[in-house]
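Here's the structure, in structure tokens; my notes come after.
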Amino acid sequence: MLRNATRSVARSAFFPAKNLRVLANFSAPSVCVPYQTGSTVCKPLGCRRYMATQGEKAEISSKKYGSVWDPKTLDSSYDQLAALDTFARRHLGPSPDEVSQMLSVVKQGDLENFIKSVVPENVLVRRPLKIQPAKGYSESEMLVKLKEIASKNKTTKSLIGKGYYGTIMPPVIQRNLLENPGWYTSYTPYQPEVSQGRLQSLLNFQTMITDLTGLPVANASLLDEGTAAAEAMLLSYHGLRGKKKTYVVDGKVHEQTLAVIKSRASTSDIDILIADLGSDEGLELLKAKKEDVCGVLVQYPATDGSIGSIKRYIEISEIVHANKGLFSVASDLLALTLLHPPSTFNADIVLGNSQRFGVPMGYGGPHAAFFAVQEKLQRKMPGRLIGVSKDRLGNPALRLALQTREQHIKREKATSNICTAQALLANIAAMYAVYHGIGGLREISSRVFGLTKLLATQISENSQHVVLTKSFFDTFAVQLKGESADSFLARAVSDYGFNLFKVNDTTVQLSLDETVTKENLSGLIELFTGASGALANVTQLPVFSSEWTRKDQILSHPVFNTYHTETSMLRYLFALQQKDISLASSMIALGSCTMKLNATVEMVPLSWPEFGNLHPFVPKDQAAGYTQLINELEADLADITGFAATTLMPNSGAQGEFTGLSVIRKYLESKGESSRNVVLIPVSAHGTNPASAAMAGLKVVAVKCLANGSLDLADLAEKAAKHSANLAAVMITYPSTYGLFEPSIRDAIDIIHSHGGQVYLDGANMNAQVGLTSPGDLGADVCHLNLHKTFAIPHGGGGPGVGPICVREHLVPFLPTHPVIETSHTNSQSIEAVAAAPFGSASILPISYSYIKMMGGDNIQYSSIIAILNANYMMYRLKDYYEIMFLGSSAKSESAIKYCGHEFIIDLRPLKSLGVEAIDVAKRLQDYGFHAPTMSFPVPGTLMVEPTESENLDELNRFVDAMISIRKEIDALGNGESWGQVLKNAPHDLKDVVGGDWEGRGYTREQAAFPLPFLKENKVWPTVARVDDTFGDMNLMCTCPSVEEVSEY
């Protein structure tokens, strides 16, 4: 009966509610059906919210929009004493008059009627949100509020170490990169012709990493050191096809790194063996277990600061390699400017955190991890890889290389779910090396060592305390005599302003860095010895041992030896910035990416020391400001999603997916249902969904979609019934990956719950839901969010991101913990840490916090409303020129839905008969000054367009006019007119237009460069012609090429 009923629903899934007899009778109560999983009867949170708010509805009218956009003139209750710098009118692109014009185009008269036509009645909940202040802070009020919060953080000098160190970001990099929207608002460089600046900087990063580690290939960054270590483990495990299940971790690896490794291992059937590999006993244990060992990880220098014997590392390497495993080394970039590189002892993988190259600690992140490998692993390495290729004219050009390794292609067969990086932070670290050069870096590292050695000597010679670490770079441990560690640490903070690390009740540890001054050193000596004035006669620092000093030439490429004055560095940064399209240039209408405004007022706190200079492991009383901000943000996100609690630990959307699925698994295990290991995922899902499920140890079963784009409920019901005994969850993106609100979503949720499974709603498209509906209101159990999409954190050219998860009450006990700092939901049932830092990328959380607080609970729904209107306006203007998937010709029928959600898909496949591919349209858009929409996802041969709420009518029209102009070029090509060839040669860079050979092209230079009049006034040029992807992969070069190598192109 269920199967027949769902077939009926599925057939009518995209018809108005009046034609849905099945839905009309149960759509509202369906969310309130209790379901049983194991011995527990669960009542969806959405039920209580839905029933409690039947009489309360958030306002969504055009009149209300007018008062939100301009309360001074359109809100009769406006307080004329209030601040004038309201935020909504700066964030929301269209004015009320422009909204009226757009509504006319989509054949609607009011926003409320329009939204009711877009969002199905059984989905449109409109629950009022509790966000305060309800009308939102003004921009100036927000800055005052943020200063108040920041002032509660104590910026004590932290010498805690453990992978996080004080550093000095050169002001020229701070002002012209970190604080520059030309850098932070760009997207991942999938369109290389308009991304050469970022690509060059990331290639610099890769070159820096390969030089310092001694390995030949490095990726363009990973999320954090813990994640990188977990990826090394998985690479080792999958490299032997899972035949060897033991992964050995040295006991002197950072605690947080070990926790993330354990988190990944727990879902991958990998056994973690912790051993002191520096001891003979540890080495013998490795030998005894070698037959089942897939890999080994050591820390160099170790977490206690000690530098192990190279002879011992070679022994470990030989044991591992003799048994076909991989030897991984977690290391420190600043130390590697002096120390012998891990390549000396035949490491296969070297990883770590690049944070101390100019990136603030930021209470734990974001920071760019590095990951270098031997050449044999380059095609299996996780993360993005920048490579050198050539363009259509034969000139050198950079691109993302080996993209077939990415999870969106491999899906459930992927060995990693990494889908983003930390590009902005990698760029900062790379520019730090470019600015200082190897000479400057070695001056910094030599000084850090000298200060550390001097302090250790003073403690040894002038106190009873015992320095336990014998060989070190910047870190050592001290066994205290006559005082407990707690007493000593308290005195260090209260009397001297220093945070140190507690090892145990009698031992402390400290790490020095480039920010330590002579005065700081004097205070540290006095703290340990009780003597002042110890540096009175010291003018020379100890020198790093020649025995340990590397002898090879590194960072010799001209890029690291040219830009050492501020003038030259400023011009280099500006030159690279000019090569790229960012939101500072034009709209970036990437479907499923939500490239909205990253408001300046939201970005300002990133540079404040109160947020930037906190170590993630400081005592909680020193982070009261962060605690307040995190608690409020978690509560607001839970309110928006309709759930009970939030964790901010995951530092990307894909990590959020893994976290949510891990929480579900832990919950099922707690109920004695560990046999539930099947997850149902629609075939339309983003590749991270099946990849994350596979990483969480779940078996993926695909669910079909119907020809109209909707989820095939009959197939879902059939597979849920088939796998009922083992069903763990379903993963559904809502609105769908096709950008459509499916009326049958509640039925899909009920099907899964009726079989004891959990419902995971992917929040990638949350920008269409805020204030209108929510995963919790629909009856789901968990969702992840992309704060770098819906909640205004910039994409940074490919990272950072934040991927928190929100959950219902029954899943709260399983939210992740951390081995060093207590998280918001730490308890005995928590899963292990999923990121190195307890609150993930904490320093960028003020961005989302500010966005939510400035929009306010009464107004934030208009972000979703205007995003939906902008998309539909563009779709309506384009539907007579292009086929729109699922809506095109069928939209003319009275019985069919006529609107998309916040994005729509242009189907270019019918144009193939005219000789046109999707890539031709994407590249031609660059000649019009636009970054292409998402190409060939979720359907090959298409473009998915998402304008967001931040674009005004003029910008929408510019893009639409460009697409209409391109349609004329397509028709010309199809008709055999020579000027249509402009598409096939696109894009046209300045070198081509000015100096290229135009004989026989069939179109003019003006047609190539200035196809529409506005381009003569404002033109963003691609800086290379169309890049040859095949050549780049067949001739892989992933470091800065030499002059000789460039000349070969």
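The values are calculated or read from the model by the stated rules, or taken from the named source; none is laboratory data. Predicted model, so just to flag it, every value in this text is computed and none were measured. A quick note on method: Cβ atoms are made from the backbone with ideal geometry, for glycine too, and the neighbour counts reach across all protein chains shown. With ligands, DNA and RNA removed, areas are computed over all heavy atoms of the protein, side chains included. Shrake-Rupley method; radii C 1.70, N 1.55, O 1.52, S 1.80 Å.
Checking the cross-link filter: which lysines have an alpha carbon closer than 19 Å to that of residue 324, excluding same-chain neighbours under 8 positions apart?
Hits, sequence-local ones excluded: 243, 244, 245, 287, 289, 290, 376, 380.
Order the peptides 505-515, 291-301 from the highest to the lowest mean number of other Cβ atoms within 10 Å of their residues.
Highest to lowest by the protection proxy: 291-301, 505-515.
Evaluated at 20 °C with a viscosity of 1.002 mPa s, what Stokes-Einstein diffusion coefficient in µm²/s does region 296-397 have when Rh comes from the Kirkwood expression over alpha-carbon pairs?
137
Kindly express, to the nearest 10 degrees and within the range 0 to 90, the angle between helix 2-11's C-alpha long axis and the longest C-alpha principal axis of the chain.
Approximately 70 degrees, to the nearest 10.
What ³J(HN,Hα) values, in whole Hz, does the Karplus curve 6.51 cos²θ - 1.76 cosθ + 1.60 give for region 743-755 when θ = phi - 60°, with x put for Gly and Pro?
x, 8, 4, 5, 5, 4, 5, 5, 4, 5, 4, 5, 9
Can you tally the net charge around residue 985? Count Lys and Arg as +1, Asp and Glu as -1, for every other residue whose Cβ sits under 10 Å from the Cβ of residue 985.
Local net charge: +3.
Can you tell me the 0 to 90 degree angle between the C-alpha axis of helix 196-213 and the longest principal axis of the chain, rounded to 10?
30
Give the share of C-alpha pairs in each 5 angstrom bin for region 587-680, from 0 to the last occupied bin, in whole percents, shortest bins first.
Percent of pairs per bin, in order: 2, 9, 11, 16, 20, 17, 11, 7, 5, 2, 0.
With a ≥ b ≥ c taken as the square roots of the eigenvalues of the C-alpha gyration tensor of the chain, please select rounded if a/c is under 1.5 and otherwise prolate if a/b is larger than b/c or oblate if it is not?
Because a/c hits 1.5 or more and a/b exceeds b/c, the chain counts as prolate.
I need the shape label for region 895-1049. Rule: rounded when a/c is under 1.5, else prolate if a/b > b/c, else oblate, with a, b, c from the alpha carbon gyration tensor.
Cα axes put region 895-1049 in the prolate bin.
Which FRET efficiency value, to the nearest 0.05, do you get for residue 515 and residue 113 by plugging their Cβ-Cβ distance into 1/(1 + (r/R0)^6) with R0 = 41 Å?
With R0 = 41 Å, the Cβ-Cβ based efficiency is 0.10.
By per-residue mean of other Cβ atoms within 10 Å, what is the highest-first order of 935-944, 735-744?
735-744, 935-944
Using modelled amide H (1.01 Å from N, peptide plane; none on Pro or chain starts), what sits under 5 Å from the amide H of residue 733, excluding residues fewer than 5 places away?
Here 762 satisfy the definition.
Need the list of lysines near residue 984 for cross-linking: C-alpha distance under 18 angstrom, and skip anything on the same chain fewer than eight residues off.
Cross-link targets: 390, 912, 923, 968.
Find how many whole Å separate the alpha carbon centroid of region 126-182 from the alpha carbon centroid of region 825-884.
Here the two parts' Cα centres lie 18 Å apart.
With a ≥ b ≥ c the root eigenvalues of the C-alpha gyration tensor of region 632-860, is it rounded (a/c under 1.5), prolate (a/b larger than b/c) or oblate?
Oblate, since a/c reaches 1.5 and b/c is not below a/b.
Report the local net charge at residue 1028: Lys and Arg +1, Asp and Glu -1, summed over other residues whose C-beta lies under 9 Å from its C-beta.
Net local charge, residue 1028 excluded: +2.
Starting from the residue with the highest accessible area, list 608, 1021 in decreasing order, probe 1.4 Å.
1021, 608
Once the Cβ-Cβ distance between residue 724 and residue 674 is put in as r, and R0 is 22 Å, what FRET efficiency do you end up with, to the nearest 0.05?
It comes out at approximately 0.85.
Taking the Cβ-Cβ separation of residue 553 and residue 255 as r and a Förster radius of 45 Å, what is the calculated FRET efficiency to the nearest 0.05?
It comes out at approximately 0.80.
Using a 1.4 Å probe, what is the accessible area per residue for the chain, in Å²?
Here the residues of the chain average 33 Å² of exposed surface.
Among the lysines, which have Cα under 22 Å from the Cα of residue 157 when same-chain residues fewer than 8 positions away are ignored?
Once the sequence-local lysines are set aside, what remains near residue 157 is 147, 453, 502, 518, 620.
Quick check: Cα centre of region 790-820 to Cα centre of region 946-997, how many Å?
Between the Cα centres of region 790-820 and region 946-997 lies a distance of 39 Å.
Evaluate the charge dipole of region 868-1020 about its Cα centre and quote only its size in Debye, nearest 20, assuming +1 on the Cβ of each Lys and Arg and -1 on the Cβ of each Asp and Glu.
Taking the Cα centre of region 868-1020 as origin, the dipole is about 220 debye.
Expressed as a whole percentage, what fraction of the accessible surface of the chain belongs to carbon and sulfur atoms when a 1.4 Å probe is rolled over the protein heavy atoms?
Summing carbon and sulfur atoms, their accessible area is 50 percent of the total for the chain.
Starting from the alpha-carbon convex hull of region 189-422, give the projected area averaged over all orientations, in nm².
If you wrap the Cα atoms of region 189-422 in a convex hull and average its projections, you get 13.0 nm².
Can you grab the distance from the C-alpha centre of region 743-784 to the C-alpha centre of region 354-378, Å, no decimals?
35
Indicate, rounded to the nearest 5 percent, the antiparallel portion of the DSSP beta bridges found entirely in region 189-422.
40
Only bridges with both residues in the chain count here: give the DSSP antiparallel percent, nearest 5.
Of those bridges, close to 55 percent are antiparallel.
Compute the length gained on full extension between residue 274 and residue 80: take 0.36 nm times their separation in residues and subtract their Cα-Cα distance, giving the result in nm to one decimal.
So the extension gain works out to 63.3 nm.
Check each of the trypsin sites (Lys or Arg not before Pro) in region 442-490 and keep only those in coil by DSSP with at most 10 other C-beta atoms within 10 angstrom; list them in order.
In loop regions of region 442-490 (DSSP not H, G, I, E or B), the sparsely surrounded trypsin sites (Lys or Arg not before Pro) are 470, 481.
Quickly rank 116-122, 615-621 as a protection proxy: mean count of other C-beta atoms within 10 Å, highest first.
The most tightly packed comes first, giving 116-122, 615-621.
How far is it, in nm, from the label point at residue 130 to the one at residue 961 when both lie 7 Å from their Cα along the line to the Cβ?
A separation of 4.8 nm, rounded to one decimal place.
Would you mind checking the tilt of helix 653-670 against the longest principal axis of the Cα atoms of the chain, expressed as 0 to 90 degrees and rounded to 10?
Between the helix axis and the principal axis of the chain, the angle is about 80 degrees.
If I stretch the segment between residue 567 and residue 1004 completely, what's the gain in nm (0.36 nm per residue apart, minus their alpha carbon distance), one decimal?
153.4 nm
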